[in-house]
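Notes follow the structure.
Values quoted throughout were computed directly from the atomic coordinates according to the rules given, and no laboratory measurement underlies them. All values reported here derive from a predicted model rather than from experimental measurement. With ideal geometry, Cβ positions are generated from the backbone for all residues, glycine too; neighbour counts draw on all protein chains shown.
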Amino acid sequence: MAQKTCNISLAQGNYLGQVIGPSDSSPRAIQAYLGIPYAQSTEGNNRFRPPQALETKAHDNVVNHALKFGDVCSQGKPGAGHSENCLNANIYLPHFGNNAEEIAAEEKKLGVDSKKLPVVVYVHGGGFNTGSGKERNMASFAAFADSPIIAMSFNYRVGALGFLPSAVTAKHGLLNLGLKDQQFFFEWMRTNLPNIGGDPNNVTIMGLSAGSHSVGHHLISYSPANKLGSGPPPFQKAILESGGSTARATFVPDHPLHKQQFQEFLTQCGINGVSDDELFDKLRELPYSTIVRSSTARVA
């Protein structure tokens, strides 16, 4: 049986996805778009920097395939499907029909507006060292929802490439890059929701374990008292699974433990005696495999 395809158009490009269901395992037909980039690759000069906006634009005659998951961020060892070009998202939309008449009839039957649907975004767990957006089946999540929703998941940097606390990292404004990836995705999502039928004023973020801790951090960061941004938060509701806003202990950047671990990491990378101002430039020049290996090396 031939695969049934579908299309969405974003400001950055047009994407080809696939329709899943309806079936016993997917009672509601879902359009799945996988591995769509939401930021530039973090390799090269973008390593150990905040996420950078894409420079691509949509062209009518160019369609990008979104039929398989993109690369995931470093999982502690180099391997197939792992790379620094890992800031990508997965989008699951209800499939109301193949033409305007079918869509209008389905909207009427369900009592929904397919251009203003609730949105649920999953933030993956993994102890801030592993994990990826594909760990939870968000296609099934959308397919079994009581009423039509848009479900999304995404990758963010983990391990040393996403979370490398130290006084030097703080000096350069490079702490918690993985959380910055998450916040960058939220803004990318908010910009693109009108293109895919999502309601920017009805967004729920949810997370498991480290993802739940992340959601907790965002609840604190976006609170009016902390004023992370001048505009409204990019979400209105939150679900925390196995983790709370203050459930994970965090140390100040210059804590002795961070100082020790940071020095051990640099030693494993073969970088010693480099000035603070040159340090991250040197780390950006190293092979990806060296960074990954050094971040997981056991030190006696």
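With the contact rule set at Cα under 8 Å and sequence spacing of 6 or more, what percent relative contact order holds for the chain? Intermediate results must be reported in sequence, preceding the final value.
Details: 596 pairs, mean separation 54.2, N = 300.
So the answer I get is 18 percent.
Qualifying trypsin sites (Lys or Arg not before Pro) in the range 244-292, where qualification requires a DSSP coil assignment and no more than 16 other C-beta atoms within 10 Å, comprise R248. Round to the nearest 10 and give me the degree value, 0 to 90, for the angle of helix 256-269's Cα axis relative to the longest principal axis of the chain. Roughly 90 degrees, rounded to the nearest 10.
What whole-number volume per residue, in cubic angstrom, does the convex hull of the C-alpha atoms of the chain give? Please list the in-between numbers first.
Working: hull volume 46.9 nm³, N = 300.
Here the figure is 156 Å³ per residue.
Could you please report the charge total around A143, scoring K, R as +1 and D, E as -1 over all other residues with beta-carbon less than 11 angstrom from its beta-carbon? Counting the neighbours of A143, the net charge comes to 0. Expressed as a whole percent, the proportion of Cα-Cα pairs in the range 2-150 lying more than 22 Å apart is 47%.
Cysteines in the chain lacking any other cysteine Cβ under 4.7 Å from their own Cβ: C6, C269. The C-alpha atoms of the chain define a longest principal axis, and helix 177-196 lies at about 20 degrees to it.
Provide the net charge surrounding L117, with neighbours chosen by a C-beta distance below 14 Å and charges set as Lys +1, Arg +1, Asp -1, Glu -1.
Net local charge, L117 excluded: -2.
The relative contact order of the range 121-260 comes to 27 percent, based on Cα pairs under 8 Å that sit 6 or more residues apart.
Would you work out the charge dipole size for the chain about its Cα centre, treating the Cβ of every Lys and Arg as +1 and the Cβ of every Asp and Glu as -1, and quote it to the nearest 20 debye? Kindly include the intermediate steps, with their values, before the conclusion.
Numbers: 25 positive and 24 negative charges, 74 e Å.
Using only the charged Cβ atoms, the result is roughly 360 debye.
State whether the range 43-83 is rounded, prolate or oblate according to the following rule on the C-alpha gyration tensor (a ≥ b ≥ c being the square roots of its eigenvalues): a/c under 1.5 gives rounded; otherwise a/b larger than b/c gives prolate, and the remaining case gives oblate. The shape class here is oblate.
Cα centroids of the range 127-198 and the range 5-37: 19 Å apart. Ordering A139, M206, N7 by the projection of their Cα atoms onto the charge dipole of the chain, which places +1 on the Cβ of Lys and Arg and -1 on the Cβ of Asp and Glu, puts M206 at the extreme positive end. Please report how many Lys pairs in the range 5-252 have alpha carbons closer than 24 angstrom, counting only residues at least 8 apart along the chain or sitting on separate chains. Qualifying lysine pairs in the range 5-252: 17.
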